[in-house]
Each structure stands twice: as C-alpha cells, then as structure tokens.
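*Asks:* Attaching a single structure in structure tokens format; questions to follow.
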Amino acid sequence: MPKKTDSSAGTVSAVETTFAILEQLSEMGGAGVSDLATALGRSKSNVHKHLTTLRELGYVTKGADDTYYVGLRFLGLGDRARARTGLYEVAKAEVDSLIDSVGERGQVMVEEEGRGIYIYQAKTEQAVRTDSYIGTMVALHATAVGKSYLAFLDEDKRSELLEAIDLTDDTESTITDYETLKTELKTIRDRGFAFNDEERTVGMRAVGAPILTDEGRVIGAISISGPTTRINGDWYREEIPKLVQRSARVIGLKVTYS
C-alpha cells in the first residue's frame, strides 16, 4: 500500500468519518448505531448524524430493526468508475472462460494511486472464499497481479511507485525488502508472469500476468488464485502460468483493437 502521509495535511475530518462509517458498515454487513459507534470509537450522536445525512442522500438505507446498510446508490458510482478503465467489459468474458478451465478464482486488477483495485472477480463453486471481492484494494508488492503489473511498467513509473509503496507484511512470506522486490520484478519481467506463494493470505497461492496493449503498455493484470492444497506442483509452476498468460494476451489484443 502507499506510504502513510500526514493525515492532517489538507484533509477534512468529517469526510474521513463518513467513509469510516461506510467502510465499517460494509465490513459488518449492516449494523445499528451503537455497534457502529463502538466499532469506530466514536459517540453515538456523531455516528447517528452521519448516518442520517447519508440516508437522506440515498447512500445508506435503514431496515425495520434499526439496522443500517450501505445503499444501492453506490452501484451507479462503482459501475461508472469501473467503466472508465475500458478494461472491464473486455476482460469479463475471458476471466469467466479462464476459471472454467482452471476451476478456481480469477480476478482483474488495475492500479490507482499506488493501490491495486479488483475491477472484476469470478469464481467456481469449489473456489475458496477469502476477504477479496470486486473493489478490494490490495498491496501491489504482495499479490501476483500487483507484482506482474509493477514488473512491466516503464522504469520511471515503476521507480515512482516503488518509492511510494510501504512494504507492509501481510504474511511471513510477503516481500518487505526493496532490493529483494526489485530482483523479483526483474525475474517476472524476464519470464512474463508472477507467483504469489502465500504472500497475501496464508494457504493461498496465485499466478498473475500483465495485460499489455499491442504497443507494450501495461494497463492492468489478471490472476488465478486457489488453495495450496490444489495449486501446487507443475500445475502451479507451469500449466496455470500458460493459461493466465494466454488470457492476458487475448484481453490485451481486444483492448487494443476494440
């Protein structure tokens, strides 16, 4: 994730509170005022005022049991934001086809402000459920999609992002040293794909590849992820990379010529 900056510089505390409430509501799957206030460490009156305003604007809804939920109005904002990348419509069908072949979970990521954002995700019935979903922000250095994206950036942009990234450790396997990361990115660039061996979630592996335009510009990345009990051996090291790279190439060509 991007390195933390001084939160007092140029920010509005009321806006920070509003989004803290929305994110907590989403994480809890709905909550009452008291539970939200406790979870956020804020007064009930303060939380209630924000919820009332959000409800008036249509971004929060209230159930019969006084439980508040994130409102469906966000769907419109999210859909327009995702459409702006021009990648979602092209990538969706290819990811769906890919997971049918592999039988796990697939995702498409784009980078925004130094963070990886999943703009699409699909999974089969056997796929393991984790904390990731469409809209999840992930660390570029701790994911197969993120590392494959970083590896294929032009040198100046890659250096700029690496300087801004805070190499936090999601697990004991996460790369937290800049020189080690740079060495791995060179390896990824040479072979064309990236591995994530329990670097974001213990017990999960992933294989990612960059989505490149016909001119070689990286615009995102695609990956397949699954449990270490199934993603292993030659299937993990050789076969899945071929499938992921093929899908990434197809998406890149469609983006270029659509």
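Where a number appears in this text, it was derived from the coordinates with a stated rule and is not lab data. Everything numeric here is computed off the predicted structure, so don't read it as measured data. Virtual Cβ from ideal backbone geometry, glycine too; neighbours counted across all protein chains shown.
*Asks:* What distance in nm separates the simple spin-label points at Arg84 and Lys157, each placed 7 Å from Cα in the Cβ direction?
*Replies:* 1.6
*Asks:* Return the FRET efficiency for the residue pair Leu75, Met28: r is the Cβ-Cβ distance, R0 is 22 Å, and the value is rounded to the nearest 0.05.
*Replies:* 0.70
*Asks:* A further question on this structure: Could you work out how much longer the chain between Asp66 and Thr187 gets when fully extended? Use 0.36 nm per residue separation minus the Cα distance between them, nm to one decimal.
*Replies:* Gain on extension, Asp66 to Thr187, equals 38.2 nm.
*Asks:* Calculate how steeply helix 88-102 sits against the longest principal axis of the alpha-carbon atoms of the chain, using the helix alpha-carbon long axis, and give the answer as 0 to 90 degrees to the nearest 10.
*Replies:* The two axes meet at around 60 degrees.
*Asks:* Using alpha-carbon pairs under 8 Å, 6+ residues apart, how would you state the relative contact order of segment 13-72 in percent?
*Replies:* With pairs under 8 Å counted, the relative contact order is 34 percent.
*Asks:* Here's another thing I want to ask about it. Could you tell me the relative contact order of the chain? Use alpha-carbon pairs under 8 Å, at least six residues apart, and round to a whole percent.
*Replies:* 16
*Asks:* Determine the gain in length on full extension of the stretch Thr180-Ala93; use 0.36 nm per residue of separation and subtract their C-alpha separation, reporting nm with one decimal.
*Replies:* Taking 0.36 nm per residue and subtracting the Cα distance, the gain is 27.8 nm.
*Asks:* Counting only Cα atoms, I'd like the Rg/Rh figure for segment 45-119, Kirkwood definition for Rh.
*Replies:* In segment 45-119, Rg relative to Rh is 1.15.
*Asks:* Another question about this same structure. So what does the Cα-only Debye profile of segment 30-75 read at q = 0.23, 0.25 Å⁻¹, as log10 I(q)/I(0), no solvent term?
*Replies:* Debye curve over Cα of segment 30-75, log10 I(q)/I(0) at q = 0.23, 0.25 Å⁻¹: -0.76, -0.88.
*Asks:* Can you figure out the FRET efficiency of Ser173 with Ser101, using R₀ = 41 Å and their beta-carbon distance, to the nearest 0.05?
*Replies:* 0.95
*Asks:* I want to make sure I understand the PRE zone here: with the label point 7 angstrom from the Cα of Gln126 toward its beta carbon, which residues in segment 95-119 have backbone N atoms less than 16 Å away?
*Replies:* Only 98-106 fall inside the zone, counting backbone N under 16 Å.
*Asks:* Which whole-Hz couplings ³J(HN,Hα) result when phi for each residue of segment 185-199 is put into the Karplus expression 6.51 cos²θ - 1.76 cosθ + 1.60, θ = phi - 60°, listed in order with x for Gly and Pro?
*Replies:* Ordered by residue, 3J(HN,Hα) equals 4, 5, 4, 4, 4, 6, 8, x, 7, 10, 9, 10, 9, 6, 8 Hz.
*Asks:* Report the paramagnetic label zone for Ile134: residues of segment 61-81 whose backbone N is under 17 Å from a point 7 Å from Cα along the Cα-to-Cβ axis.
*Replies:* 70-81
*Asks:* Let me ask something additional. Mind jotting down the three principal axis lengths of segment 78-257 based on Cα atoms? Whole angstrom, largest first.
*Replies:* Its Cα atoms span 38, 37, 31 Å along the three principal axes.
*Asks:* Compute the FRET efficiency between Asp166 and Val15 as 1/(1 + (r/R0)^6), taking r as their Cβ-Cβ distance and R0 = 25 Å, and round to the nearest 0.05.
*Replies:* 0.65
*Asks:* Using a Gaussian network model of the chain with C-alpha springs under 10 Å, which one of Thr52, Thr176, Thr124 is most mobile by mean-square fluctuation?
*Replies:* Highest fluctuation of the listed residues: Thr52.
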